[in-house]
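Visitor: Please see the structure below; I have some questions.
The values are calculated or read from the model by the stated rules, or taken from the named source; none is laboratory data. Just so you know, these numbers come straight off a predicted model, no measurement behind them. Virtual Cβ from ideal backbone geometry, glycine too; neighbours counted across all protein chains shown.
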Amino acid sequence: MQVSRLDEADRNAVLEQLPLWSYDADAKGIRRTLRFADFAEAFGFMARVAILAEKADHHPEWFNVYNRVEILLTTHDAGGLSRRDVDLAAAIDAIAPTA
Ligand code: HBI
């Protein structure tokens with residue numbers, strides 16, 4: 001199913017609902033960095049996100065070193081930020097440990 005890129009107004013509106021994420025204009029996506037107690041906690045979180053991603057058929061671009069996980073969400077099929085990114089970001093926030 002083709003998914004469309006959000007226009008600037010919609011993008012700004014959804015970003016207000018995702019205060020833990022920031023828009024990267026170059027990457028045309030939203031970023032969040034999380035830190036965990038150790039590598040095992042970080043990787044366990046990544047495993048849970050992987051299950052969410054598979055269920056959504058929408059996948060993060062991410063980087064992990066030790067206890068840090070850096071996530072970028074962008075929609076390759078749309079060439080930018082789409083509703084799929086927003087929904088996955090909200091699902092990630094729901095399972096991420098609170099500060
Ligand atoms: N994940 N981030 C991202 N962007 C996509 O365009 C994308 C994806 N996962 C799966 C996928 N596209 C396609 O395989 C399905 O939309 C068919």
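Visitor: Looking only at region 48-78, which residues are assigned to a loop (DSSP other than H, G, I, E, B), aromatic (Phe, Trp, Tyr) and within 11 Å of the ligand (Cβ to nearest atom)?
Guide: Listed by number, the list is empty, since nothing qualifies.
Visitor: What's the number of the condition VAL49 fails, among (1) out of contact with any helix residue (DSSP H, G or I) (no Cβ under 7 Å at 6 or more places or on another chain); (2) more than 24 Å from GLN2 (Cβ to Cβ); (3) modelled with pLDDT of 95 or more?
Guide: (1)
Visitor: When only residues in region 44-62 that are within 13 Å of ALA96 (Cα to Cα) and in contact with a strand residue (DSSP E or B) (Cβ under 7 Å, 6 or more places away or on another chain) count, which is surrounded by the most Cβ atoms within 10 Å (Cβ to Cβ)?
Guide: So the residue we want is PHE45.
Visitor: Please go through region 16-43 and pick out each residue that is over 16 Å from the mean Cα position of the chain (by Cα) and outside any loop (DSSP other than H, G, I, E, B).
Guide: Correct list: PHE39, ALA40, GLU41.
Visitor: Same structure again: Working only within region 66-79, note down all residues that are on the phi < 0 side of the Ramachandran plot and either in contact with a Phe, Trp or Tyr (Cβ under 9 Å, 6 or more places away or on another chain) or buried (at least 16 other Cβ atoms within 10 Å of the Cβ) (or both). Give the steps one after another, and end with the answer.
Guide: Step one: list which residues in region 66-79 are on the phi < 0 side of the Ramachandran plot, which gives 67-78.
The answer is ASN67, ARG68, VAL69, GLU70, ILE71, LEU72, LEU73, THR74, THR75, ALA78.
Visitor: I'd like to know if region 83-96 contains one or more residues that are basic (Lys, Arg), touching a helix residue (DSSP H, G or I) at 6+ places or on another chain (Cβ under 9 Å), more than 10 Å from the ligand (Cβ to nearest atom) and more than 19 Å from LEU6 (Cα to Cα).
Guide: no
Visitor: Would it be correct to say that ALA13 is hydrophobic (A, V, I, L, M, F, W, C), in a loop (DSSP other than H, G, I, E, B), over 14 Å from the mean Cα position of the chain (by Cα) and at pLDDT 95 or above?
Guide: Against the criterion (hydrophobic (A, V, I, L, M, F, W, C), in a loop (DSSP other than H, G, I, E, B), over 14 Å from the mean Cα position of the chain (by Cα) and at pLDDT 95 or above), ALA13 does not qualify.
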